[in-house]
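The values are calculated or read from the model by the stated rules, or taken from the named source; none is laboratory data. All values derive from a computational prediction rather than experimental measurement. Cβ placement follows ideal geometry from the backbone for every residue including glycine, while neighbour counts extend to all protein chains displayed. In case anyone asks, the SASA skips ligands and DNA or RNA and just uses the protein heavy atoms, side chains included. Shrake-Rupley method; radii C 1.70, N 1.55, O 1.52, S 1.80 Å.
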Amino acid sequence: MKVIGRKDDDEFFIKWDPKYKIGIPVIDAQHEHLVKLCNDFYQSLLKNNDFENYQSLVKQTLEKCLSYASTHFKEEERLMLAAKFEGYKQHKASHDAFTQKCEINYGFIDKLPAAEAIKFAHFLYDWIHTHIAHEDRLYLPALVEFLKKNQSK
């Protein structure tokens, strides 16, 4: 499975794009780091010369990605709750579904054939394009309002 217009040896699977920025520096920095970790994961999939080392590298890289995603989700959810974002439950459910799918894949990523592992990388790619670029923008008005009110105090 390939992303149209990509070569498998491209340095970046996902290029950081200004459309991912929401204007909250801490969240933007976390999103940019998540993109980097997804790129690291994809690159680990491409370095499969030695199958035993490949499995270990892929699992370690995915572990870093998932650990950071968990940290990011907690921060984002904390901010949504503080801002009283009305769509919090739906947004958290989306985070939970992502986490569940990742945990399932993490449990057997070292046993997946490379083609299936790359399909999972494409899931991460799609997640970034839909969740970060679109869904995260839904809480932005509530968060901006909350931050304005609390900066003036």
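Selection within the stretch 126-153: residues that are aromatic (Phe, Trp, Tyr) and open to solvent by less than 50 Å² (accessible area, probe 1.4 Å). The member of this set that is nearest to the chain's Cα centre (by Cα) is Trp127. In summary, Glu75 fulfils each of the numbered conditions (1) without any contact (Cβ under 8 Å) to a residue 60 or more places away in the chain; (2) within 24 Å of Asn39 (Cα to Cα); (3) surrounded by 15 or more Cβ atoms within 10 Å (Cβ to Cβ) with the single exception of condition (3).
Assessment of the stretch 47-69 against the conditions (under 18 Å from Ala29 (Cβ atoms), open to solvent by 50 Å² or more (accessible area, probe 1.4 Å), in contact (Cβ under 8 Å) with a residue 24 or more places away in the chain and of a type outside the set (Lys, Arg)) yields at least one matching residue. Of all residue pairs spaced 6 or more apart or on separate chains, those with beta-carbon atoms under 8 Å, a first member in the stretch 102-129 that is under 15 Å from Leu66 (Cα atoms) and touching a residue at least 12 places away in the same chain (Cβ under 8 Å) and a second member that is of a type in the set (Phe, Trp, Tyr) and not in a helix (DSSP H, G or I) are Ala121/Phe13; Tyr125/Phe13.
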